[in-house]
Structures are given as C-alpha cells and as structure tokens.
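One structure is given below, encoded as structure tokens.
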Amino acid sequence: MTKPLNRLKLDKINLEKVFNFLPYPLLVSELINGVRQNIFVNKAFEEEIGFPLCEIPTIDSWFEKAYADTAYRSLIISEWKQQESMANHSGADAIVMQAKINTKSSVDQWYEVKATIHGEIQFVAFMNIDKEIRKEEEMEKLIENKDRILSILSHDLRSPLGNLSSVIQLALDGNLTDDERNSILLKLNHQIFQMQEFLDTTLHWSRSSFEETKIVYRQVYSSYRINSILSLYNDTIERKHIRVTIELRNQVILTDEGIFTIVIRNLISNAIKFTPVGGEVIIREYQQNDCSIVEIQNSGIGIGNAKISAILSGDYISEKGTQGENGLGLGLKLCLQLLTKLQGKMSIESSAGHSTFRVHLPYKG
C-alpha cells in the first residue's frame, strides 16, 4: 500500500506544479458528501482574481465572493446549473459561459469560464475577455448614439430647411411684407446657427470616437479665445436678455487650441441653453495648484446629483433648454472625451439657483 500512496502524493505535487505554471486562473473542485468543495487554486488565480483557497472553501462561497450582486449571482447560478444538467444529460465533459466576476480588488472583469468535468472533479479555467467585451459594449453604445443622432438630425434639419424653402417661395411670390420677412429671417438665422452647432458637434464627436486625435500643444491666450467663442452667441444672449459677467486673467495656457475651443464652446452653449430669460452667465479663469481652470456658471434651477453623475459617466441624455432649444446630448460627452486626451477633466457643482462647470487642464506654463 505504501508505493501507491507515495505515487499518488507525487502525482499531486507534479499536477500542482503544472497548474501553477498555467498563465490563466484555475480552480479545482470535487463533489464530497454531496457538497462541491474547492480543493485547489493556482497562483494565477490568487494573483489575478485574488481569493486564496481558505476564503472560498466551497463552490457556494466562491459564488458569493465572485458575484456580489445577489440578483446577478442568482442568474449565474441558474445558468451554471442548467449547463451542468445539460452536460450530464448529453455526456459532455465541458461547460462554457461568460460572466462578470468581482475580483478581490473590487474590479469587475469579464471572463470566459470553462469547466472540464472528470467524474466528481471539475477543473474551472478563467480566460480574461474584459477588453473584448468592453469594446463590444462601447461599439453598441456608439451604434445606439449614431441611430439617435441621425434621428434627431433628420428631424431638426428638416424644420429650418422647410422654413427656408417656404420663405424663398413667399418672397418669390411677393406675399411677404418687410416686417414679416425680417421676423422670419431672424428666426431662420437662429435655427441655422443651431444646425451648424449640431453638425459641428456631430463631426467632432465622430472623429473623437472613431479616429485617433492628434494633439498639438501651443500657447493659447485664453481670454481672447473665450471672448471669440462668446461673440458667436450674441444674438441668443440678447434674445434671452442674459447678463454675461467675464472675469478673465488673459492667462496663457499651453494646450491644444482646437480641443480647448471645442470644449469651451460646448460649455458656453450649454450654459446659455439652460439659463432662463433674464438670467446670468459668469465665466472665470484662474490657476489652482498645478491646473489652469476655466469656470462657466449659469443661473437656473440647478442639476441634481443623479444627473451630474450621468453627465460625468457619459450617459447623459439631452434635454430641451429654457426656450425649447434642442440638443444632441453629445456636447458634454465630447468634452469629457477630448479633455481625457489632454490629461484634463471636467467637474460640476450645482445648487438651487445655479450650476458651475469647471474645465481642469494640467498647467504647462
């Protein structure tokens, strides 16, 4: 009896060496007295997923650790049992499924989980597919955004183009007075400016999402650039009787001028859009620690914490402005994408009566 026991012990040691040599996490379990107990995890499992064997002695304890959300855990367990049942019924020796696992570092990662069955023993391998899944999810979001943008653009472009066609026809027929023509032209001018904003934002968003943006750093005189952007909105500012307060230091920022212009233009446009008639917009710039900061504040009802979180996570859906102004919902998302390329960020503060958006750019003076 001594030789077989020694041989078994030797085989176990050699198997553990082989398993620890594998580059992917591996969990081995055995059905003992009706309970599936985990009997081995390799080094890759402990290093990547993070749980030593003593913390997950049974398959149930593994499910609790790996799938913290109870609803998601129930879904995974149900699918796993269904796969086990199908494998037993068909005589198959493998189970394969995809799952999002909560690692010990609390970082959710997508894995392809493959269990190989040998009698009462299961060898469960975990192949990290997180990058692939995240790319698929991002592509699905891009496709959804594309469809939504096309729908909005087709609706919002049709109206001003139709109005322009009607005005031209009425003018050709001589059926407009000077006052009527001027009134309609002012309205069309505002609608066409919105169209230009829509198209400009869509173009930049498309480039940022699908192409590599080349960063070109140069000295940018912030006050000159901000005042130039602000002048584009003079008609809207006058129409809504908005008071604009400017507190600029004419600081020189070493940044990408194109990206800086796009970000500030979108934030100024957003502030004006959500400022009520007779309200106020304040634009400030200053240095704080190692950052150049541009702050755009507007009066209004404020923004709730849930909406702030949605904006900063890129899940914001556009709403109409205080005078029914439309939007694509891409402007703020575009700002976040472009600021990331400059190692910058956007922060938001809000309370009843005003909202403040801040652009933080690393100081490169």
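The values are calculated or read from the model by the stated rules, or taken from the named source; none is laboratory data. As the structure is a computational prediction, the values presented were derived from the model and not from experiment. Because the Cβ atoms are built from the backbone with ideal geometry, glycine has one as well, and the counts that use them run over all protein chains shown. Side chains included, ligands, DNA and RNA excluded: accessible areas come from the protein's heavy atoms. Shrake-Rupley method; radii C 1.70, N 1.55, O 1.52, S 1.80 Å.
Given a Förster distance of 56 Å, report the FRET efficiency between ILE129 and TYR363 from their Cβ-Cβ distance, rounded to the nearest 0.05. Don't skip to the end; give the middle numbers.
On the way: r = 40 Å, r/R0 = 0.71.
My answer for the efficiency is 0.90.
What length, rounded to one decimal in nm, is gained on full extension from GLU46 through to LYS214, with 0.36 nm per residue of separation minus their alpha-carbon distance?
Numbers: separation 168, 0.36 × 168 = 60.48 nm, distance 4.01 nm.
Stretched out fully, the GLU46 to LYS214 stretch lengthens by 56.5 nm.
Give the accessible surface of region 40-137 per residue, rounded to a whole number of Å², with probe radius 1.4 Å and ligands, DNA and RNA excluded. Working shown, then result.
Details: 5530 Å² over 98 residues.
For region 40-137, the per-residue accessible area is 56 Å².
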- Query: Which of the aspartates and glutamates could a cross-linker span from LYS214 if the Cα-Cα distance has to be under 14 Å and same-chain partners fewer than 8 positions apart are dropped?
  - Reply: ASP256, GLU257
- Nearest-0.05 FRET efficiency for LEU15 and ASN88, computed from C-beta distance (R0 22 Å): 0.35
- Taking the Cα centre of region 259-318 as the origin, how large is its charge dipole in debye, to the nearest 20, when only Lys and Arg (+1) and Asp and Glu (-1) carry charge on their Cβ atoms? 200
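Charges at C-beta only: +1 for Lys and Arg, -1 for Asp and Glu. How large is the resulting dipole of region 9-104 about its Cα centre, in Debye rounded to 20?
80
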- Task: Could you sort out which of LYS43/LYS104; LYS43/LYS114; LYS240/LYS345 sit more than 21 Å apart by Cα distance in this structure?
- Result: LYS240/LYS345
- Expressed as a rounded percentage, what relative contact order does region 233-281 have, with Cα pairs under 8 Å and six or more residues apart? 66
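Any chance you could run the full-extension gain for ILE121 through ASN227? It's 0.36 nm times the residue separation minus the Cα-Cα distance, nm to one decimal. Kindly include the intermediate steps, with their values, before the conclusion.
Numbers: separation 106, 0.36 × 106 = 38.16 nm, distance 7.13 nm.
Between ILE121 and ASN227, full extension yields an extra 31.0 nm.
Which translational diffusion coefficient, to the nearest whole µm²/s, is obtained for region 214-301 from the Stokes-Einstein equation, given a Kirkwood hydrodynamic radius over C-alpha pairs, 20 °C and 1.002 mPa s? It would help to have the intermediate numbers written out before the result.
Numbers: Rh = 13.5 Å.
Answer, rounded: 158 µm²/s.
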- Item | Farthest positive-ward along region 56-131 dipole, Cα basis, beta-carbon charges - from ILE117, ALA68, ILE95 | ALA68
- Message: Starting from 0.36 nm per residue, how many nanometres of slack lie between CYS291 and THR58 once their C-alpha separation is accounted for?
- Response: 78.8 nm
